[in-house]
Ligand SMILES: Cc1cc2nc3c(=O)[nH]c(=O)nc-3n(C[C@H](O)[C@H](O)[C@H](O)COP(=O)(O)O)c2cc1C
C-alpha cells in the first residue's frame, strides 16, 4: 500500500508550518459556505489549478558560494519603501471570515510594512480603516452600473488619503462560482445543510453574526437597498450591479476624479499592458482574480515575462493568483514583478486565528522568501534575475 502522508491536524497556529496548514485550520474554523466562498474558483476550477501549475512548471536555478548573511527583503513598491515585496490583495466580505476582518488585515499589513488594499465591497467603511489602521492603504474600485458609486468611493478615498486606486477590470461580468452557490437553495437563502453546518461553528456564529450583527457592505450604504446590504443578501444583488459597458474610455473619467496613483488590476496581455502604459497608469496587476472569474484562463505567471519585456520600464508590474510559497514570490520577482499580491493566504490566516492568524501567514511567507533568497545566492530583491528561473 502506498505510504499516506498526513496533513496538518493541529489547532495551534504556531504549529501551522505553511499556508496549506493554515488553509486546513481555516477549513475547520469557519462554516463550509464561508470557506467555499473564500477557497473556490469559477466553474471547473481549471484556472485555479492552472495558477499553481504555472508556478510548479518553473524551477529555480541557484548560484553557489555567495555570502548572503546580510540579506533582506526591503524594496520599493510604486516608488515607496516596503518591508517586503508583498501587498495584501483586495478581498470583499472579509467580515464574514472574521469580525472586522478588513481592519485586522490592514493593521497586520501596517505592522509588516506592506500595503493593504481595501475592497469596494468591504465590511468596514473605508474611513474607519483609514482612521484606525495606519500604514500604506490602497483602495480597490469596482465600477458598477450606477457610476455614482464609483465617484463616491474615489472622492471618499481621496479625502482619507488613500495612496493608490486599484481599478479592477476583470469583473465586468461576474464569475460563475458554483461551489459558492451550492450553499444556497436559492439566491441569498442558505440550504438546511448550510444552516446545520453553521450551527456547528458556535464561535464563528457568536463573533461574526451575533456580537456585531451580520456583516454589511459599509462602503455602499447610501446606494444599496437595506435587504441587499448584508453579505448574505448582497451575494445575490452585487453580481447584478457589475457593468458590462466598462471600457478603456472610462480611464480618463477615473483620472479626472482620482489624482493619486492608479493601477489596473486585470491585465493578462501585452496589448492591454501597453494600453495601460500609454494612458499613464502607474501600475498593472497581472492577475486572473485568483481563478474566480474566467475559467480556463491563462495563468499570470505564464504571461508575466512578455508583459514585463513590453512595459516593465514604464510602469510597475505586480502579479497575483496562486502565490502560496516563498519560492513563488522569488519566481515572480525574478521574472520582473515588482511585488506580488496575496489573496487567500492571509484570508486563511484570518479565518484560522484572526490577528494572530494573519501574522502567521505573513510570517510564513516572509520567512520562506528570506530562506529562498539565501539559497539562491541573493542578498536582496534586486539580485533576483530571470536567470534564476528555468521552465521545466
Ligand atoms: C474571497 C475573495 C474575495 C475577493 N474579492 C475581491 C474584490 O472585492 N476585489 C478584487 O479586485 N479582487 C477580489 N478578489 C481577488 C483578489 O484580489 C486576488 O486577485 C486573488 O485572491 C489572488 O489570488 P490568490 O487568492 O490565489 O492569492 C477576491 C479574492 C478572494 C479569494
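The values are calculated or read from the model by the stated rules, or taken from the named source; none is laboratory data. Everything numeric here is computed off the predicted structure, so don't read it as measured data. Cβ coordinates were reconstructed from backbone atoms using ideal geometry, including for glycine residues, and neighbour counts include every protein chain displayed.
Brief remarks follow.
- Residues considered: 105, 48, 22. Of these, the only one that is touching a residue at least 60 places away in the same chain (Cβ under 8 Å), away from the ligand (no atom under 11 Å from the Cβ), within 24 Å of residue 141 (Cα to Cα) and not in a loop (DSSP other than H, G, I, E, B) is 105.
- Test result for residue 342, more than 10 Å from the ligand (Cβ to nearest atom) and at pLDDT 95 or above: no
- Taking segment 154-180 as the range and being over 21 Å from the mean Cα position of the chain (by Cα) and either within 14 Å of the ligand (Cβ to nearest atom) or surrounded by 15 or more Cβ atoms within 10 Å (Cβ to Cβ) (or both) as the test, the residues that pass are 156, 158, 160.
- From 230, 236, residue being over 30 Å from residue 315 (Cα atoms), surrounded by 15 or more Cβ atoms within 10 Å (Cβ to Cβ) and without any contact (Cβ under 8 Å) to a residue 40 or more places away in the chain: 230
- Among the residues of segment 75-91, those identified as within 16 Å of the ligand (Cβ to nearest atom), outside any strand (DSSP E or B) and either free of Cβ contacts under 8 Å to residues at least 60 places away in the same chain or more than 20 Å from residue 237 (Cβ to Cβ) (or both) are 84, 85, 89.
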